[in-house]
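To start, the structure itself, in structure tokens.
The values are calculated or read from the model by the stated rules, or taken from the named source; none is laboratory data. On a predicted model such as this, the values are computed, not experimentally measured, just so you know. Please note: Cβ atoms are built from the backbone with ideal geometry, for glycine as well, and neighbour counts cover all protein chains shown. Only protein heavy atoms, including side chains, enter the accessible area calculation; ligands, DNA and RNA are left aside. Shrake-Rupley method; radii C 1.70, N 1.55, O 1.52, S 1.80 Å.
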Amino acid sequence: QVQLVESGGGLVQAGDSMRLSCEVSGRTHMWAWFRQAPGKEREFVASISTTGTYTEYADSVKGRFSASRDNAQNTVYLQMNSLTPEDTAVYYCAAKSAPFSNYNYWGQGTQVTVSS
């Protein structure tokens, strides 16, 4: 059974940095981070391939956020720098059950709040 458990959220000030972690158990393909702000739809933030070779980022976080993974620890990270209040959201870790499937495994989410 696949489980994804996020950690690392909290309250920070604008300009600060924060790192989110997602520990994954079970076999998965392609990990990603999504976020959902109050009153808005869930949106893609970043993804990272199984080998960690390929990453993709939403335009809104390019140059500020960085996804990485530690296969030995079965953990994927999202390093977030230069945070702004617009980054405030619940952040979700997601994974695919197969290389070309949708993201069908989701974590419970972790709240990130950035104060101005």
For the stretch 18-39 and the stretch 54-84, write down the distance between their C-alpha centroids in whole Å. 10
Once you put a point 7 Å from the Cα of R64 and another 7 Å from the Cα of D16, both along the Cβ direction, what distance in nm separates them? 1.5
Local electrostatic count at L78 - Lys and Arg +1, Asp and Glu -1, tallied over other residues with Cβ under 12 Å: +2
In nanometres, the difference between 0.36 nm per residue of separation and the alpha-carbon distance of S82 and V5 is 25.3 nm
Calculate one ³J(HN,Hα) per residue across the stretch 18-29 by plugging θ = phi - 60° into the Karplus curve 6.51 cos²θ - 1.76 cosθ + 1.60, and present them in order as whole Hz with x for glycine and proline. 7, 10, 9, 10, 9, 8, 10, 10, x, 7, 9, 10
Work out, step by step, the length gained on full extension between N71 and K40: first 0.36 nm times the residue separation, then minus their alpha carbon distance; give nm to one decimal. 7.9 nm
Per residue, how much space in cubic angstrom lies within the convex hull of the C-alpha atoms of the stretch 1-41? 116
Would you mind checking which residues have amide H under 5 Å from L83's amide H? H placed 1.01 Å from N; only 5 or more apart, or other chain. G15, D16
Phi to ³J(HN,Hα) by Karplus 6.51 cos²θ - 1.76 cosθ + 1.60 over the stretch 56-64, Hz, x for Gly, Pro: 9, 9, 5, 4, 5, 10, 4, x, 10
Karplus ³J(HN,Hα) for the stretch 34-44 (6.51 cos²θ - 1.76 cosθ + 1.60, θ = phi - 60°; Hz, whole; x = Gly/Pro) runs 10, 9, 9, 8, x, x, 10, 6, 5, 10, 6
Would you work out what percent of the accessible area of the stretch 1-41, with all protein chains in place, is carbon or sulfur (probe 1.4 Å)? 44
Considering only DSSP beta bridges with both partners in the chain, what is the antiparallel share in %, to the nearest 5? 90
